[in-house]
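The values are calculated or read from the model by the stated rules, or taken from the named source; none is laboratory data. Remember, predicted model here, so these are calculated numbers, not experimental data. Please note: Cβ atoms are built from the backbone with ideal geometry, for glycine as well, and neighbour counts cover all protein chains shown.
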Ligand SMILES: NC(=O)c1ccc[n+]([C@@H]2O[C@H](COP(=O)([O-])OP(=O)(O)OC[C@H]3O[C@@H](n4cnc5c(N)ncnc54)[C@H](O)[C@@H]3O)[C@@H](O)[C@H]2O)c1
């Protein structure tokens, strides 16, 4: 195989953007040989591109080696399992699934076909900013990390956005709000950089800013086994946002803002200073270290390129899909904690969460406002700016 023949399913905001990317030739060893969407969403066919309205037909067509799944989240599980069972390599959009039990089902389907490549679209892992932060934390240069504060306040979405699709922001259609749609990226980065906490306490507000039944305002507390802790907050109602990660460690304070990492370094580590100083009030001297961040690159293209390289030549995956369960475990634990009003220990009980979510689906009486899709226009430029 010289080029991976890819089938794309789902032709909404993300699918259209993937199609344009693939057609632009930015992923040279991958060709888009088939697309699948609802009849109304199918664009004019391009040469060499078969079109389907039934994903099972596309999976069985023999026209594709791999599938890229860009449909609403619940169907990541069903389409992913069908594709893996049929011997296709799979790249699934984030989130891996809506809840932990579905993630486990998907991962089990892959475990039965380990020769297949299974990746997830966590493109923010390719951003130089986050790679540098991960490198810094992993280097141990910060000393013991004591506290983390991650403010993900740049996910503003309008009322119009939520009314643009019947599945959005409902328990039944999406299985959650900002934690399932926008924040899987940051929750993935969190666990990729810092690992998973031992306990989670969540404070979600449901429909605080929008006419929706799911969470659009979240504050969560994560507690680690060594006593360090994190506060993570996010919302789709605030603008302007001020996205910012702060890491407080023995060797100083690191502030991460878009494309900028600043470390105010303690010249004597704070625990050592505290033990050794004879002053009650003096603090260690500091120096400012600005950590250079290389220019950003094409994030989705890099994940697809890496997916193709893994299929064609066994390159290691940047974003193995199985790791997608961790961001879902965090998202689910924050919601479960908010529903039950208590702290959740990890690993979380997947079946319990699934039952609680199903209960909300079954008992929902929420009447969602839905707009005529024709009135909802998304410029590719606005869409591309919406994730970083
Ligand atoms: N990686 C990212 O940065 C990023 C950004 C946006 C969205 N996403 C993810 O992409 C997925 C889709 O989000 P979106 O914003 O494009 O949604 P959307 O509603 O704009 O598009 C979804 C499309 O899937 C189609 N669809 C649904 N079920 C289908 C099926 N069985 N077969 C064929 N087509 C089907 C719908 O008709 C619709 O056109 C979500 O899981 C979302 O989390 C990822």
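Summary of computed values
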{"quantity": "Failed item in (1) farther than 30 Å from residue 312 by Cα; (2) in contact (Cβ under 8 Å) with a residue 40 or more places away in the chain; (3) in contact with a helix residue (DSSP H, G or I) (Cβ under 9 Å, 6 or more places away or on another chain); (4) assigned by TED's automatic domain parsing to the domain that holds residue 361, with residue 101 passing the rest", "calculated": "(4)"}
{"quantity": "First in the stretch 4-28 and touching a residue at least 60 places away in the same chain (Cβ under 8 Å) and in the same structural domain as residue 55 (by TED's automatic domain parsing), second anywhere and surrounded by fewer than 18 Cβ atoms within 10 Å (Cβ to Cβ) and assigned to a loop (DSSP other than H, G, I, E, B), Cβ under 6 Å, 6 or more apart", "calculated": "13/378"}
{"quantity": "Residue in the stretch 96-104 that is closer than 30 Å to residue 336 by Cβ and surrounded by fewer than 21 Cβ atoms within 10 Å (Cβ to Cβ) present", "calculated": "yes"}
{"quantity": "Subset of the stretch 4-42 that is more than 19 Å from residue 56 (Cβ to Cβ) and loosely packed, with under 15 Cβ neighbours inside 10 Å - its residue that is nearest to the ligand (Cβ to nearest atom)", "calculated": "40"}
{"quantity": "Every residue from the stretch 183-208 that is free of Cβ contacts under 8 Å to residues at least 60 places away in the same chain and not in a helix (DSSP H, G or I)", "calculated": "195, 205, 206, 207, 208"}
{"quantity": "Residue 228 in the same structural domain as residue 270 (by TED's automatic domain parsing), within 16 Å of the chain's Cα centre (by Cα) and more than 14 Å from the ligand (Cβ to nearest atom)", "calculated": "no"}
{"quantity": "Single match in 165, 176, 207 (criterion: away from the ligand (no atom under 16 Å from the Cβ) and not assigned by TED's automatic domain parsing to the domain that holds residue 80)", "calculated": "207"}
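Yes/no matrix, rows are residues, columns are (1) touching a helix residue (DSSP H, G or I) at 6+ places or on another chain (Cβ under 7 Å); (2) modelled with pLDDT of 95 or more; (3) loosely packed, with under 13 Cβ neighbours inside 10 Å; (4) over 30 Å from residue 126 (Cα atoms):
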residue	(1), (2), (3), (4)
257	no, yes, no, no
261	yes, yes, no, no
264	no, yes, no, no
268	no, yes, no, yes
285	no, yes, yes, yes
290	no, yes, yes, no
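Residue-by-condition table, conditions (1) in the same structural domain as residue 27 (by TED's automatic domain parsing); (2) without any contact (Cβ under 8 Å) to a residue 12 or more places away in the chain; (3) part of a loop (DSSP other than H, G, I, E, B); (4) touching a strand residue (DSSP E or B) at 6+ places or on another chain (Cβ under 9 Å):
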residue: 281; (1), (2), (3), (4): no, yes, yes, no
residue: 290; (1), (2), (3), (4): no, no, no, yes
residue: 304; (1), (2), (3), (4): yes, no, no, yes
residue: 307; (1), (2), (3), (4): yes, no, no, yes
residue: 312; (1), (2), (3), (4): yes, no, no, yes
residue: 315; (1), (2), (3), (4): yes, yes, yes, no
